[in-house]
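Visitor: Supplied in structure tokens, the structure appears directly below.
The values are calculated or read from the model by the stated rules, or taken from the named source; none is laboratory data. Computed from a predicted structure; not experimentally measured. Here Cβ is always computed from backbone atoms with ideal geometry, including for glycine, and neighbour counts include all displayed protein chains.
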Amino acid sequence: MQELKIYEYAVIRLVPKVEREEFFNIGLVMFSKKEKYIRAEFHLCPKKFELMHSKLDYEDVMKNLENFNHVAQGSKAGGEIAAFDIPERFRWLTAVRSSVIQTSRPHPGKTKDLDATFERLFEELVK
């Protein structure tokens, strides 16, 4: 019988006007310490972005999201933080911050298949 894997996930949010605290979900980051697993993906619909009537630049936000992914993946392009171990990177990515890209609080779970669970959560919470 396949063992259940413990994981944590957080929803990545875009907060176009931080002072208003309005946001919409644009991605997901998930990690499992025991499995040495971390995965982050995002989907920022340009049409939905335009509806926010924000002064944010779409391309700038996309660059920041790419940097978020570099950190999650441990890529050199993510800078010094990307060199942290997986749990530290996840904690850094999900730390409370007052910026246009934020995450929800981490939520725990158990699964037999981390990728399948990631895909399901991404569909339910982001798309």
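Visitor: In the stretch 79-103, what residues are over 11 Å from the mean Cα position of the chain (by Cα), under 25 Å from Ser54 (Cβ atoms) and surrounded by 17 or more Cβ atoms within 10 Å (Cβ to Cβ)?
Guide: Within the stretch 79-103, Val100 is the sole residue that qualifies.
Visitor: Can you name the condition, by its number, that Lys76 falls short on among (1) surrounded by fewer than 16 Cβ atoms within 10 Å (Cβ to Cβ); (2) over 22 Å from Val18 (Cβ atoms); (3) in contact with a Lys or Arg (Cβ under 7 Å, 6 or more places away or on another chain)?
Guide: Of the numbered conditions (1) surrounded by fewer than 16 Cβ atoms within 10 Å (Cβ to Cβ); (2) over 22 Å from Val18 (Cβ atoms); (3) in contact with a Lys or Arg (Cβ under 7 Å, 6 or more places away or on another chain), the odd one out for Lys76 is (3).
To keep it simple, each residue is scored yes or no on (1) modelled with pLDDT of 95 or more; (2) touching a helix residue (DSSP H, G or I) at 6+ places or on another chain (Cβ under 9 Å); (3) farther than 16 Å from Ala40 by Cβ; (4) polar (S, T, N, Q).
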{"residue": "Ala83", "(1), (2), (3), (4)": "yes, yes, yes, no"}
{"residue": "Pro87", "(1), (2), (3), (4)": "yes, no, no, no"}
{"residue": "Arg91", "(1), (2), (3), (4)": "yes, no, no, no"}
{"residue": "Ser98", "(1), (2), (3), (4)": "no, yes, yes, yes"}
{"residue": "Pro106", "(1), (2), (3), (4)": "yes, yes, no, no"}
{"residue": "Thr111", "(1), (2), (3), (4)": "yes, yes, yes, yes"}
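Visitor: Can you tell me which residues in the stretch 1-30 are over 14 Å from Ser99 (Cβ atoms) and touching a Ser or Thr at 6+ places or on another chain (Cβ under 6 Å)?
Guide: Within the stretch 1-30, Lys5, Tyr7, Ala10, Val11 meet the criteria.
Visitor: Which residues, counting only those in the stretch 104-127, are of a type in the set (Gly, Ala, Ser) and either exposed (fewer than 11 other Cβ atoms within 10 Å of the Cβ) or in contact with an Asp or Glu (Cβ under 9 Å, 6 or more places away or on another chain) (or both)?
Guide: Gly109, Ala116
Visitor: Continuing with the same structure: Would you be able to say whether some residue in the stretch 20-32 is modelled with pLDDT under 95, over 14 Å from Thr117 (Cβ atoms) and aromatic (Phe, Trp, Tyr)?
Guide: yes
Visitor: Identify the single condition in (1) over 14 Å from Val29 (Cβ atoms); (2) hydrophobic (A, V, I, L, M, F, W, C); (3) surrounded by 14 or more Cβ atoms within 10 Å (Cβ to Cβ) that Leu51 does not satisfy, given that it satisfies every other one.
Guide: Status for Leu51: all satisfied but (3).
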